[in-house]
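Asker: Okay, handing you the structure first.
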Amino acid sequence: MSTIIEPEEKQSIIEEPDEQLKIPEILPVLPLRDIVIFPFMIVPLFVSRERSIRAVDQALAENRMILLAAQKDPNNEEPGATDLFEVGTVAIIMRMLKLPDGRIRILVQGISRAKINYMEETQSHLQARIEELKETPPEQNLELEALTRNVRGSLEKAVTLGKNISPELMAIVTTVEDPARLADLAASNLDLKVEDAQSVLETLDVTPRLHRVNELLAKEIEVLTVQQEINTQAKGEIDRSQREFYLRQQLKAIQQELGEGNELAEDIAQYREKMAKAKMPKPVEEEVDRQLKKLERMHPDAAETATLRNWLDIMVALPWSKTSRENLDLKKAEEILDEDHYGLEKVKERIIEALAVRKIKEKPKGSILCLVGPPGVGKTSLGRSIARALNRKFVRLSLGGVHDEAEIRGHRRTYVGAMPGRIVQAVQQAGTHNPLIMLDEIDKVSSDFRGDPSSALLEVLDPEQNFSFRDNYLNVPFDLSNVMFMTTANILDTIQPALRDRMETIRLAGYTEEEKLQIILRHLLPKQMDENGIKPENLHISDQALRDVIARYTREAGLRQLERELGKICRKVARRVAEGDTDQVKVTVKNLHEFLGVPKIEPDEILKHDQVGVATGLAVTATGGDVLFIEAITMKGKGMLQLTGQLGDVMRESAHAAYSYAKARARDLGIDEELFGKTDIHIHIPEGAIPKDGPSAGITMATALVSALSNRSVRNDVAMTGEITLRGDVLPVGGVKEKVLAAHRAQIKKIILPSQNRKDMEDVPKEPQREMEFIFVENVQQVFGEALLPAVSQPKVATNGKNPTRETSKKTGAAKKPKGTVMRSQEKTRNKRK
């Protein structure tokens, strides 16, 4: 730094210079950092830069005068003409002292304001052609007198608030008569920024200068006032702490005189009593005892004492040995499950099996059940019902949006506000050692820089490891092997593979219309009537009206929208009852629209007639099965294949495979081979805002593509799913149950499935199997034979000698006949269409 005010001589002193001093037009320039020198100030400066030292030497060699100009940027080591403010102060060097480290120390006194007209940058130092600035003589008036008094009063007030101004300087302030000198003196003793001090220096008119100084003084007084309040408050806190300590010491002495024990000793005795009742494992008991001995040596008011007490409170509150007596009566457990949920036979069977194993073996290592299905099918409520059937405490943990590993493992005690992880908290909340903990929405766990909660769950959900789960907060092993864990998810794709491998997956695909009707009659309708205060004598809904609610007002795998529609009916009935109408309201098909409005879904809106280039496919989403339409159209072009509808990479590859197959087998399919060279094909899947991916739409895209190229219509009552290869083989797909239920809700009568998916029909409910026809194919040409109508004057498509097999409504001796000997109720309809 080139120029610094000496700390011990920071105050400015004013002396009147000799009036006969004549200021030359050209003077050497000394750049200043972080300070502005005012006229008549005497200030010591340190000079360290070479150019600045040479400027001082030049001034001493001539007339001892030098121009002091402040830098705009204090970090600039080599300032030029544009880096300095235009207005500076002409000063005279009174003394100079060379220091051993090469720097020099000078004592300067300001003489007059000056303006830089032209700056010369010589090789040795800066020098400028200057113009002396004369102050405008002030007019003596009331405003000037008031401003002078305000400035003096503000300086005195600043001193009383703690401003470091020497008494000698305050004596000068009270005696100086010149308002201009008073303004400069006040500005020089305030801790001003360079810009504020420079604005005072550049103001030649005395009255505006006093105004500016008065404003800066007022701001300084506000800062000093706040600073004094902070100091007073801090001092008060210290005094209060000392007073409390003194009173506590007196209280302790009084208690000792009265023979009473202190509070900390009583708490420690209670902790030891609770520790004995908790029946902790020996290693845990030793750690708690060690911490209690540590607590005895602590001061009661220490911050660490409160942290240790919180840890001890949790340790003695955990159910180390307390368990709830399980219900091992298989029939009673089955009755409870049937009472709470209709259907879901596979899940109930699995729970009864686990209960049977537990009845035979004392401590079996059961697997973790993961219930996977669309929203609203009853995954969470099923967990609560299982806990009731087993007579276990039920605790639900929602993992949706959890992205911090500490949420599972807990925080270390060193952190302020540390607490155990959610697993330990759930066990503490249950109050028993063997609750049923449901980890809800495990597929929505995310990770970030704070860790991956899925990795922490690996230990929790592994029966081989969780007997010694170590929470970061407890820092002792806790046995989770007696806890029964269940998880729920909408999809499995987002679950970490290692975590998914530790769980046994049970799929809940959704409900058929008959199942939904029974659930309404047994659970949903009584629940909604009770919640809305409706009694059976107030409302009656016919079964056909309920079927209409299912089919025409909702289309979902679960039951949430259906329950909302029933709630809407109950609320309208509740209003009539509240208005005094006590007659029973009978809801039928005819008046259903009065309660729910216009039907949202029409049964025949899927496809009303056969169309060219439009095929019906089946897909599985996070909300269950769904029906999708694949459209293909041809246009003049150069043989390009365009795909739209926000398709994923796998789906795009399936479309290209279907296109290549159609191009290679064009003659067999009755397609003009020249079309591929002069025709562009556009395949589109509607609802473009929804991303789509997967190989199961392969045969659907192939059917739409061949239909558009051969101008053959696709049957509107046929839906299909299956993966296609370049050879035309149809490979198996997943989610058959969900897809069949979606087609059943859409009132589709015939489904084409890969032959290897025949085994999955065991999971499909009986109702769709009775009402629908299932055709199992091995080759895509069989798909074309079933889905495409014959073109006019065109031969029928060959099937390579293989006939598709069919399954109809009758499960015993289900008919598998070659083409032409089909047993199904829909055959008449098909003959009419032909």
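The values are calculated or read from the model by the stated rules, or taken from the named source; none is laboratory data. Treat the numbers as computed from the prediction; the structure is a model and nothing was measured. Cβ placement follows ideal geometry from the backbone for every residue including glycine, while neighbour counts extend to all protein chains displayed. These area figures cover heavy atoms from the full protein model, side chains too; ligands, DNA and RNA do not enter into them. Shrake-Rupley method; radii C 1.70, N 1.55, O 1.52, S 1.80 Å.
Asker: Considering only residues that are under 25 Å from residue 655 (Cα atoms) and either part of a helix (DSSP H, G or I) or over 41 Å from the mean Cα position of the chain (by Cα) (or both), which ones fall in the range 733-747?
Answerer: Selection gives 736, 737, 738, 739, 740, 742, 743.
Asker: Here's something else I'd like to know. Wholly within the range 527-645, which strands (runs of 3 or more DSSP E) include no fewer than the required count, namely at least 1 residues that are out of contact with any Lys or Arg (no Cβ under 9 Å at 6 or more places or on another chain)?
Answerer: Output list reads 585-587, 614-621, 624-636, 641-644.
Asker: When you look at residue 791, is it at pLDDT below 90 and in a helix (DSSP H, G or I), yes or no?
Answerer: Values: at pLDDT below 90: yes; in a helix (DSSP H, G or I): no.
No, not satisfied.
Asker: Quick check on the range 464-479: of everything there that is modelled with pLDDT under 85 and closer than 14 Å to residue 434 by Cα, which residue is most open to solvent (accessible area, probe 1.4 Å)?
Answerer: Residue satisfying both the conditions and the ranking: 467.
Asker: Continuing with the same structure: Is it the case that the range 407-430 has a residue that's in contact with an Asp or Glu (Cβ under 6 Å, 6 or more places away or on another chain), modelled with pLDDT under 85 and farther than 21 Å from residue 484 by Cα?
Answerer: no
Asker: Next question. If you scan the range 470-511, which residues turn out to be among the acidic types (Asp, Glu) and out of contact with any Phe, Trp or Tyr (no Cβ under 7 Å at 6 or more places or on another chain)?
Answerer: Of everything in the range 470-511, those that are among the acidic types (Asp, Glu) and out of contact with any Phe, Trp or Tyr (no Cβ under 7 Å at 6 or more places or on another chain) turn out to be 493, 501, 504.
Asker: Right, something else. Could you tell me whether the range 30-40 includes any residue that is at pLDDT below 90 and out of contact with any strand residue (DSSP E or B) (no Cβ under 7 Å at 6 or more places or on another chain)?
Answerer: yes
Asker: Within the range 19-47, work out how many residues are closer than 17 Å to residue 98 by Cβ and open to solvent by 40 Å² or more (accessible area, probe 1.4 Å).
Answerer: Final tally of qualifying residues: 0.
Asker: Please go through (1) farther than 19 Å from residue 765 by Cβ; (2) open to solvent by 60 Å² or more (accessible area, probe 1.4 Å); (3) assigned to a helix (DSSP H, G or I) for residue 521 and return the number of the only condition it doesn't satisfy.
Answerer: (1)
Asker: Might you check whether a residue that is under 46 Å from the mean Cα position of the chain (by Cα) and either touching a residue at least 60 places away in the same chain (Cβ under 8 Å) or open to solvent by 80 Å² or more (accessible area, probe 1.4 Å) (or both) occurs anywhere in the range 209-220?
Answerer: Within the range 209-220 (the criterion being under 46 Å from the mean Cα position of the chain (by Cα) and either touching a residue at least 60 places away in the same chain (Cβ under 8 Å) or open to solvent by 80 Å² or more (accessible area, probe 1.4 Å) (or both)), the answer is yes, since at least one residue qualifies.
Asker: Something else now. Answer yes or no as to whether residue 786 is modelled with pLDDT of 55 or more, acidic (Asp, Glu) and over 30 Å from residue 659 (Cα atoms).
Answerer: Taking the combined requirement at face value, the residue does not satisfy it.
Asker: Restricting attention to the range 398-421, which residues are touching a strand residue (DSSP E or B) at 6+ places or on another chain (Cβ under 8 Å) and more than 17 Å from residue 311 (Cα to Cα)?
Answerer: Selection gives 398, 399, 400, 403, 404, 405.
Asker: Something else: For the range 581-601, which positions are in contact with a helix residue (DSSP H, G or I) (Cβ under 8 Å, 6 or more places away or on another chain) and farther than 14 Å from residue 565 by Cα?
Answerer: Of everything in the range 581-601, those that are in contact with a helix residue (DSSP H, G or I) (Cβ under 8 Å, 6 or more places away or on another chain) and farther than 14 Å from residue 565 by Cα turn out to be 585, 588, 589.
Conditions (1) of a type in the set (D, E, K, R); (2) open to solvent by 40 Å² or more (accessible area, probe 1.4 Å); (3) out of contact with any helix residue (DSSP H, G or I) (no Cβ under 9 Å at 6 or more places or on another chain), marked per residue:
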site	(1), (2), (3)
656	no, yes, yes
683	no, no, no
722	no, no, no
749	yes, yes, no
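Asker: Name the residue that is nearest to residue 23 (Cα to Cα), counting only residues in the range 128-147 that are open to solvent by less than 40 Å² (accessible area, probe 1.4 Å) and modelled with pLDDT of 85 or more.
Answerer: Result: 130.
Asker: Among the candidates 537, 565, 515, 531, single out the residue that is out of contact with any Ser or Thr (no Cβ under 8 Å at 6 or more places or on another chain) and either under 30 Å from residue 287 (Cα atoms) or surrounded by 17 or more Cβ atoms within 10 Å (Cβ to Cβ) (or both).
Answerer: Details: 537 fails: either under 30 Å from residue 287 (Cα atoms) or surrounded by 17 or more Cβ atoms within 10 Å (Cβ to Cβ) (or both); 565 fails: out of contact with any Ser or Thr (no Cβ under 8 Å at 6 or more places or on another chain); 531 fails: either under 30 Å from residue 287 (Cα atoms) or surrounded by 17 or more Cβ atoms within 10 Å (Cβ to Cβ) (or both).
The unique qualifying residue is 515.
Asker: Quick one: in the range 66-123, which of the residues that are of a type in the set (Lys, Arg) and farther than 20 Å from residue 180 by Cβ is surrounded by the most Cβ atoms within 10 Å (Cβ to Cβ)?
Answerer: Among them, the one singled out is 103.
Asker: Another question, if that's okay. Taking the criterion of being at pLDDT below 85, surrounded by fewer than 17 Cβ atoms within 10 Å (Cβ to Cβ) and outside any helix (DSSP H, G or I), would at least one residue in the range 280-295 satisfy it?
Answerer: Scanning the range 280-295 turns up no residue that is at pLDDT below 85, surrounded by fewer than 17 Cβ atoms within 10 Å (Cβ to Cβ) and outside any helix (DSSP H, G or I).
Asker: Could you say whether any residue in the range 690-710 is more than 37 Å from the chain's Cα centre (by Cα), open to solvent by 20 Å² or more (accessible area, probe 1.4 Å), modelled with pLDDT under 85 and of a type in the set (Asp, Glu)?
Answerer: Among the residues of the range 690-710, not one is more than 37 Å from the chain's Cα centre (by Cα), open to solvent by 20 Å² or more (accessible area, probe 1.4 Å), modelled with pLDDT under 85 and of a type in the set (Asp, Glu), which makes the answer no.
Asker: Take the conditions of a type in the set (A, V, I, L, M), assigned to a strand (DSSP E or B) and closer than 20 Å to residue 614 by Cα and apply them to residue 730. Does it pass?
Answerer: Details: of a type in the set (A, V, I, L, M): yes; assigned to a strand (DSSP E or B): yes; closer than 20 Å to residue 614 by Cα: yes.
So residue 730 passes the test.
Asker: Does residue 200 satisfy the condition of being crowded, with 17+ Cβ neighbours inside 10 Å and within 56 Å of the chain's Cα centre (by Cα)?
Answerer: Judged against the criteria, residue 200 is a match.
Asker: Then there is this: I need a count of the residues in the range 435-460 that are part of a loop (DSSP other than H, G, I, E, B), open to solvent by less than 30 Å² (accessible area, probe 1.4 Å) and either among the charged types (D, E, K, R) or at pLDDT 85 or above (or both).
Answerer: 1
Asker: Which residue out of 338, 313 is assigned to a helix (DSSP H, G or I), of a type outside the set (Gly, Ala, Ser), within 23 Å of residue 392 (Cα to Cα) and free of Cβ contacts under 8 Å to residues at least 12 places away in the same chain?
Answerer: Being assigned to a helix (DSSP H, G or I), of a type outside the set (Gly, Ala, Ser), within 23 Å of residue 392 (Cα to Cα) and free of Cβ contacts under 8 Å to residues at least 12 places away in the same chain holds for just one of 338, 313, which is 338.
Asker: Which fully enclosed helices (runs of 4 or more DSSP H) of the range 354-432 have 1 or more residues being under 30 Å from residue 735 (Cβ atoms)?
Answerer: Per the criteria, 379-390.
Asker: Can you confirm whether residue 242 is part of a helix (DSSP H, G or I) and free of Cβ contacts under 8 Å to residues at least 40 places away in the same chain?
Answerer: When the stated conditions are applied, residue 242 passes them.
Asker: Conditions first: (1) at pLDDT 85 or above; (2) out of contact with any Pro (no Cβ under 9 Å at 6 or more places or on another chain). Residue 79 passes all but one, so which condition is the exception?
Answerer: (2)
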